[in-house]
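Colleague: Sharing a structure with you now.
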Amino acid sequence: MSGNKTGDCRPIGVFDSGVGGLSVVRWLEQLLPGEDIVYFGDVGRVPYGTRSREVIHRYASEDLRFLADREVKLIVAACGTASSVIGPELIKKLPVPYTGVIQPTAAAAAAATQNGRVGIIGTAATIASGSFVRALGQLSPALQTVGRGCPLLVPLVENGYIDFENQVTRLVLQDYLRDIVDFGADTLILGCTHFPLLAPIIADLLGPGVTLIDSGLATARYAAKLLQTSGSQNPAKTGGRQQYYISEHTETFAATARLFLGHDIQAEFALAETPL
Ligand code: DGL
């Protein structure tokens, strides 16, 4: 039901602590190929997930401000860790609609599970925050959950340890996934947006009985729905442009981005230093 026939050409703003938010961008590119995207990856301060709630809150506030200052029409916190600490006190300061990854991903998991047992992997901060457990409980109080913080996975992804045969990553994942297997979960939330880059290995280790919920896909679908229901989609159907900013130039960002998005990107240096 779009009442606005002219649409809205402003870009969608997306941020993450690093490369993980590209798991949202990848799906936005497919679902909304006409939309422009401004991406901020806080590569200079990654990882967020091993830091205190106060520090993550400050970083998230600065990231939100960075995007709000770039005239975007929607802000997506494409980071499970930042999404877990962004509350109404920050959201109400934003001049445009906002979504994080928690609600859309929890909703996709609640819809997918058959046996009511949902596993969650995320950063240490995301799991400690209880954000996914709360969101799942609100959707369906009967759901049973098990969560596992996986602090080694973000550095592995940021350093490009994502190839299917990587034995280091496989060993680490085997250890992290043991609780999920023992619990008998039929659905696993990849609660950190870095983790979809490891989805082929995780799927291989867990086998076909466990459905993986890609936080990137769930969040991109939700963002598309938000734009559609508010009539603020870009009228162009193709040709969306992307602008990338990163807070530190690293070799691995461009390489991992290419591997993941399937095309090269150019990233400019920028810092997010001012809170909302
Ligand atoms: N992609 C971020 C998330 O979804 C990674 C957080 C981190 O930097 O540790 O949680």
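Colleague: For the chain, modelled as a GNM with alpha-carbon contacts under 10 angstrom, which of Cys79, Cys192, Cys150 fluctuates the most?
Modeller: Cys150
Colleague: Using just the helices of the chain, give the 222 nm mean residue ellipticity in deg cm²/dmol: DSSP H runs with n ≥ 4 each add -39,500 (n - 2.57), and the total is spread over all residues, rounded to 500.
Modeller: Counting only the DSSP helices, I get -13000 deg cm²/dmol.
Colleague: Quick one: how many lysine pairs does the chain have with C-alpha atoms less than 23 Å apart and a gap of 8 or more or different chains? Give me the count, please.
Modeller: Lysine pairs, 8 or more places apart or on different chains, close enough: 10.
Colleague: So what's the projected area for the chain, the Cα convex hull averaged over all directions, in nm²?
Modeller: Here the figure is 13.7 nm², rounded to one decimal.
Colleague: Now a separate question. Could you provide, to the nearest whole Å², the per residue accessible area of the chain with probe 1.4 Å?
Modeller: Numbers: 11880 Å² over 276 residues.
It amounts to 43 Å² per residue over the chain.
Colleague: Using a 1.4 Å probe on the protein heavy atoms, what percent of the accessible area of the chain belongs to carbon and sulfur?
Modeller: That share works out to 53 percent.
Colleague: Any idea what the relative contact order of the chain is, in percent, if you count C-alpha pairs under 8 Å spaced at least 6 apart? Mind dumping the intermediate values first?
Modeller: Details: 587 pairs, mean separation 87.6, N = 276.
Dividing the mean separation by the residue count of the chain yields 32 percent.
Colleague: Let me ask something else about it. Kindly give the semi-axes, whole Å and largest first, of the ellipsoid equivalent to the stretch 83-134, taking each as the square root of 5 times a Cα gyration tensor eigenvalue.
Modeller: 24, 14, 7
Colleague: Can you give the Rg and Dmax of the stretch 159-276 based on its C-alpha atoms, in angstrom?
Modeller: 17.8, 49
Colleague: Working with all protein chains in place, sort Lys73, Lys225 by solvent-accessible area computed with a 1.4 Å probe, largest first.
Modeller: Numbers: Lys73 10, Lys225 120 Å².
Putting Lys73, Lys225 in descending order of accessible area: Lys225, Lys73.
Colleague: Assuming R0 = 22 Å, what is the FRET efficiency of Leu261 and Asn166, from their Cβ-Cβ distance, to the nearest 0.05? Intermediate results must be reported in sequence, preceding the final value.
Modeller: Details: r = 20 Å, r/R0 = 0.89.
E(calc), rounded to 0.05, equals 0.65.
Colleague: While we're here: Mind pulling the per residue volume of the convex hull built on the Cα atoms of the stretch 144-217? Å³ is fine. Display every interim value, and only then the final one.
Modeller: Values: hull volume 6.1 nm³, N = 74.
About 83 Å³ per residue, rounded to a whole number.
The values are calculated or read from the model by the stated rules, or taken from the named source; none is laboratory data. This is a predicted model, so every value here is computed, not measured. Note: ideal-geometry Cβ built from the backbone for every residue, glycine included; neighbour counts use all protein chains shown. These area figures cover heavy atoms from the full protein model, side chains too; ligands, DNA and RNA do not enter into them. Shrake-Rupley method; radii C 1.70, N 1.55, O 1.52, S 1.80 Å.
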